[in-house]
Amino acid sequence: MTPSAAEDQDGRPAMGRRDLADLSALADGSLPAGRRAEVEARIAASPGGGALLDAERRAVETLRRAAPVRAPSSLRERIAADRARAGRAPRQRRAVLGGALATAAAVIVLVLVLALPGGVPGSPSVSQAASLALRGVSSPAPPPARDAPLVKLSRDVDEVYFPNWAALGWTASGERDDRIDGRLTSTIYYSGRGGAQVAYTIVGGPALTEPGGAALSHLNGIQLRSIALGRRLVVTWRRGGHTCILSSAQVPDKVLLALAAWRP
């Protein structure tokens, strides 16, 4: 049967990419307060928009409650294969259905990041970018930079470098690269005393919308925003027009703030 004008070929509400991006930003709190009334009215007027917003909010809440666990390698490989197949088909918004198992929480995080629309204001969000760190290390850590080995690592995103925190007791232990909405996103993992780990993510520009409801701090002239995603703490700030994100489930907020504000 031919889908109606109000639905796509899968029976989902026929909303444009900007509408979907605004919906995502409204659901995760990153939409500017001045636009909320207008976006809420537009979504309410769209066929099925209210139901889609409710589903999005449930997915975001699941993300925020998700424990810092990794899905089994077989499950991650299947998700990667699904993503590759999705890239060959017309891009479609996918609903996230999960179970109650602990590993399912990590799967929801991964699927949410891959499915949410981007390329327009309000998407991707800081919470989406922060969740990329849950995927874990995929390659060895870069060595210190030759020109300033005590200050930075030999890895950067658009010339925004990753710091070398070895003198602070945090050693780079692994790396991974991803793309979110076509942007290069790199994450370096640092290991500290007692096996604690923090993840430092730099998102290719332009900077992401700053999360609403975040706690503000100012250290060393840097404006830092702190949010909680379940048991994972996230600190975000801007460097060189890019969004930087530190996240960990093992260290207190004050440690993340001190590392984010570190200057050589």
Legend entry - Cβ charges +1 (Lys, Arg) and -1 (Asp, Glu), total dipole of region 130-260, debye: 300 debye
Inset, instruction - At 0.36 nm per residue, minus the direct Cα-Cα distance, what do residue 139 and residue 228 gain on full extension? Give it in nm, one decimal, please. - result: 29.3 nm
Legend entry - Rounded to the nearest 20 debye, dipole of region 184-264 from Cβ charges on Lys, Arg, Asp, Glu: 120 debye
Inset, instruction - Starting from the amide H of residue 174, placed 1.01 Å from N in the peptide plane, find each other amide H under 5 Å away whose residue is 5 or more places distant or on another chain. - result: 141, 189
Inset, instruction - For residue 193 paired with residue 263, estimate the spin-label separation in nm (one decimal), with each label point 7 Å from Cα along the Cα-to-Cβ line. - result: 2.6 nm
Inset, instruction - Please work out how much length the chain gains when fully extended from residue 44 to residue 154, using 0.36 nm per residue of separation minus the C-alpha to C-alpha distance, in nm with one decimal. - result: 34.7 nm
Legend entry - Contour minus Cα-Cα distance for residue 250 and residue 173 (0.36 nm per residue): 26.2 nm
Inset, instruction - Based solely on C-alpha atoms, express the radius of gyration and the Dmax of region 130-260 in angstrom. - result: 13.7, 40
Legend entry - Listed residue (220, 151, 250) projecting farthest to the positive dipole end of region 130-260, Cβ model: 250
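Throughout, read-outs are computed from the coordinates displayed, never taken from laboratory work. Please read these numbers as outputs of a predicted model, since none were measured by experiment. Neighbour counts are summed over all protein chains in view; Cβ atoms, including those assigned to glycine, are modelled from backbone coordinates with ideal geometry.
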